[in-house]
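Visitor: Just passing along the structure, written as structure tokens.
The values are calculated or read from the model by the stated rules, or taken from the named source; none is laboratory data. Computed from a predicted model, the values in this text were never measured in an experiment. In this analysis, Cβ positions are derived from the backbone assuming ideal geometry, glycine residues included, and neighbour counts consider all displayed protein chains.
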Amino acid sequence: MALSIAATEAGQSAGEWSFRAEGVTKIYGKTLRANDAISLSVRPGEVYGLLGPNGAGKTTLVKQVIGLLKPTEGQIKLGPFDLVADPDAARQLCCYLPQAPMPIDSFRVKEAIELTGRIRGGGRAEVRRRAGELIEALDIGGWADTMGQRLSGGIRRLAGFSMVTVWPGRVVILDEPANDVDPLRRRLLWDQIRLLGQHGCAVFLVTHNVMEAEKSVDRLAIISAGRLIAEGTPSSLKAGDRGHLRLQLMLVPDAATPALPPWVRQHVRAGHNLITTIDEAGAASGIRWAAGLIGRGQAEEYALGATTLEDVYVRLTGHTSADGPGEA
Amino acid sequence: MTRWHLASLRLWIMLLAVVQIMAGAGFVLGIALFFDHIPVTAALFVSTGVPVINLVLVGLILGPQLVAQQKLQQSYDFVRSLPVPQASAAAAWYTVCLLAGLPAVVVSLLIAEARYGFSFSVSPAIAPAVLLTAFTGTMIGYGLGHAVPNPMVTQLVTQLLVFVIFGFTPILFPAWQLPHWLAVVNWWFPFGHMAVIVRAGLTTGLVAGIGSSYLIVAAWGIIGAAASAWALGSRG
């Protein structure tokens, strides 16, 4: 696929196009620190996850990257460009898929994709070819000439993704790109996201979906209350949980959280789910405890397995990825 | 960006055209129903005021409502993230508003000539008058849409503007028919002056003081453009 990158003409090699945020702080009013000294860097080709509960400050950070907000302190740089001093460059070099629905009610899908590509500076023929490739790759050809107002949420989402990536900048920011997308096309979407990385874009993936992020990102940052509280590869972040297991109980509806044995290392309640972490050596005790709860009618089922990134996320933020604050 | 704006209005561009023409024809024909025999001067004032309404309706009223809708639906950030210079985006929207108003202007004037039996003395001055009136209407609306942070306030203000413009500004009638204090207040606002400069391009000897009217309309256009530039350039 001939994927063009908007800023290639600047004569920079891909390696010089690293994204760096250094000490980015955004204070609303006098006291509300939406971002607090966030520093991170992303190399071209990396898919970088930004995880965190609602209100953690992810969107504020993204809006500073794309030039819609100005940091109170700190620097944001992309290759040779200072994105804080030059918001026009930020808009040229970064493209953004927001979580909200795209405003394409009165656009045909293919038209919306091509128009956005042209607005982003692509030539007519290249944009048309790339739009066709995306439409085919995401299997949305059946809707290419359908008006946006008639699209289902998932197809609309894929059309939005295509609009944003038809002529991508150096940085592609995707906020919950897979929302509403069916499982089959979700796989096609993740393939395209990986391809963006392979073609030299730095991809920011903003999501609550920890499980999906674990499979898709090269590195990730967890943001909570405006601060970057953890960063690394999924494996490195899970390293602290080696030797532990995840014991998840589905409690009967409206049941109170049962008394926890002393060997439960941590727990969080999310709806009917009670998610606990136990030592590997205590697996048998865990199973007996869970079976006892089921026997007494307090739980309906349980699952025992390896700890996941979700457990790291819960431990660090006190939230589940379903985003209800955990009752930890 | 002009194509983007045109496409975004596609679903209701026909309805918009019909509403524009009906609004124009409605005023031109409807006012005559108040009189047994409408005086020629009154008919001229109405007929030469209606183009102003046609020219500002989209930019001043519909434009800010569309921006407010984008803010409510949270798609505003996507539109703002597109790499389009502010001046180009504003110029594109101005072009669309002008194109949306011009056909209704022509139809309204033709209906007026047919209904009242007079002919307009169209002079070259009509060109700058139309361009400036549409520009100022569009820029005030643009500023209102982008500079007012709360979209609900924007929607309320535009509805208030419709009420005020149709009822209490000297667009369809001469300013001297207003109470003195209201005429004085109106002098500082652009809407009556828009009618003066458009009227000057369509008639001979009906209006005076064209220079100050041009200045005031232009000043409001600049204020609207500056408010838009400030709001779009502001990074909170």
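Visitor: May I ask you to say which residue of A:D82, A:D36, A:D86 is at pLDDT 90 or above, surrounded by fewer than 22 Cβ atoms within 10 Å (Cβ to Cβ), within 21 Å of B:V79 (Cα to Cα) and among the acidic types (D, E)?
Guide: Numbers: A:D82 fails: within 21 Å of B:V79 (Cα to Cα); A:D36 fails: within 21 Å of B:V79 (Cα to Cα).
Criteria check complete, one pass: A:D86.
Visitor: Let me ask something else. Residues being within 23 Å of A:G29 (Cα to Cα), more than 10 Å from chain B (Cβ to nearest Cβ), free of Cβ contacts under 8 Å to residues at least 60 places away in the same chain and not in a loop (DSSP other than H, G, I, E, B): count how many of those fall in the range A:48-103.
Guide: Summing the residues that are within 23 Å of A:G29 (Cα to Cα), more than 10 Å from chain B (Cβ to nearest Cβ), free of Cβ contacts under 8 Å to residues at least 60 places away in the same chain and not in a loop (DSSP other than H, G, I, E, B) in the range A:48-103 gives 4.
This table checks each residue for (1) at pLDDT below 90; (2) more than 14 Å from chain A (Cβ to nearest Cβ); (3) on the phi > 0 side of the Ramachandran plot.
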site: B:L11; (1), (2), (3): yes, no, no
site: B:A23; (1), (2), (3): yes, yes, no
site: B:I38; (1), (2), (3): yes, yes, no
site: B:A68; (1), (2), (3): no, no, no
site: B:S75; (1), (2), (3): yes, no, no
site: B:S88; (1), (2), (3): yes, no, no
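Visitor: Return yes or no: is A:I113 within 23 Å of A:G200 (Cβ to Cβ) and in contact with a Ser or Thr (Cβ under 9 Å, 6 or more places away or on another chain)?
Guide: On the way: within 23 Å of A:G200 (Cβ to Cβ): yes; in contact with a Ser or Thr (Cβ under 9 Å, 6 or more places away or on another chain): yes.
Yes: the conditions hold for A:I113.
Visitor: Right, next: For B:I31, work out the one condition from (1) away from chain A (no Cβ under 14 Å); (2) free of Cβ contacts under 8 Å to residues at least 60 places away in the same chain it doesn't fulfil.
Guide: (2)
Visitor: Further, regarding this structure: Given the criteria assigned by TED's automatic domain parsing to the domain that holds A:E22 and modelled with pLDDT of 95 or more, does A:I104 qualify? Outline the logic, then answer.
Guide: On the way: assigned by TED's automatic domain parsing to the domain that holds A:E22: yes; modelled with pLDDT of 95 or more: no.
Spelling it out, it is not the case that A:I104 is assigned by TED's automatic domain parsing to the domain that holds A:E22 and modelled with pLDDT of 95 or more.
Visitor: Continuing with the same structure: Out of the residues in the range A:104-116 meeting the condition of being acidic (D, E) and facing chain B (nearest Cβ under 7 Å), tell me which one is farthest from A:A131 (Cα to Cα). Quick ask: steps written out before the conclusion?
Guide: The initial filter retains those residues of the range A:104-116 that are acidic (D, E), namely A:105, A:111, A:114.
If we keep only those that are facing chain B (nearest Cβ under 7 Å) too, we end up with A:105, A:111.
Working: A:D105: 19, A:E111: 9 Å.
By that ranking, first place goes to A:D105.
Visitor: A further question follows. Hey, can you tell me all the residues within the range A:201-236 that are among the hydroxyl-bearing types (S, T, Y) and not in a helix (DSSP H, G or I)? Full working, then the answer.
Guide: Let us first name the residues in the range A:201-236 that are among the hydroxyl-bearing types (S, T, Y), namely A:207, A:216, A:224, A:233, A:235-236.
Listed by number, the residues that qualify are A:T207, A:S224, A:T233.
Listed here are the residues, each with its yes/no results for (1) farther than 30 Å from B:P85 by Cα; (2) in contact with a Lys or Arg (Cβ under 7 Å, 6 or more places away or on another chain); (3) surrounded by 23 or more Cβ atoms within 10 Å (Cβ to Cβ); (4) of a type in the set (D, E).
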position	(1), (2), (3), (4)
A:E126	no, no, no, yes
A:R130	no, no, yes, no
A:W167	no, yes, yes, no
A:A202	no, yes, yes, no
A:M211	yes, no, no, no
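Visitor: Criterion first (away from chain B (no Cβ under 14 Å), modelled with pLDDT of 90 or more and on the phi > 0 side of the Ramachandran plot) does A:A21 satisfy it? Quick ask: steps written out before the conclusion?
Guide: Numbers: away from chain B (no Cβ under 14 Å): yes; modelled with pLDDT of 90 or more: yes; on the phi > 0 side of the Ramachandran plot: no.
The answer is no for A:A21.
Visitor: While we're on this one: Show me the helices (runs of 4 or more DSSP H) found entirely inside the range B:95-209 where at least 1 residues are out of contact with any helix residue (DSSP H, G or I) (no Cβ under 6 Å at 6 or more places or on another chain).
Guide: Numbers: elements: B:126-147, B:151-168, B:180-187, B:190-202.
Fully inside the range B:95-209 and qualifying: B:126-147, B:151-168, B:180-187.
Visitor: Moving on. With the condition kept exactly as written, say whether any residue in the range A:133-150 is in contact with an Asp or Glu (Cβ under 6 Å, 6 or more places away or on another chain), outside any loop (DSSP other than H, G, I, E, B) and more than 23 Å from A:F204 (Cα to Cα). Walk me through it before giving the result.
Guide: Filtering the range A:133-150 for residues in contact with an Asp or Glu (Cβ under 6 Å, 6 or more places away or on another chain) gives A:148-149.
With outside any loop (DSSP other than H, G, I, E, B) added as a condition, the list becomes A:148-149.
Still in the list and also more than 23 Å from A:F204 (Cα to Cα): A:148-149.
Yes; the residues of the range A:133-150 include at least one that is in contact with an Asp or Glu (Cβ under 6 Å, 6 or more places away or on another chain), outside any loop (DSSP other than H, G, I, E, B) and more than 23 Å from A:F204 (Cα to Cα).
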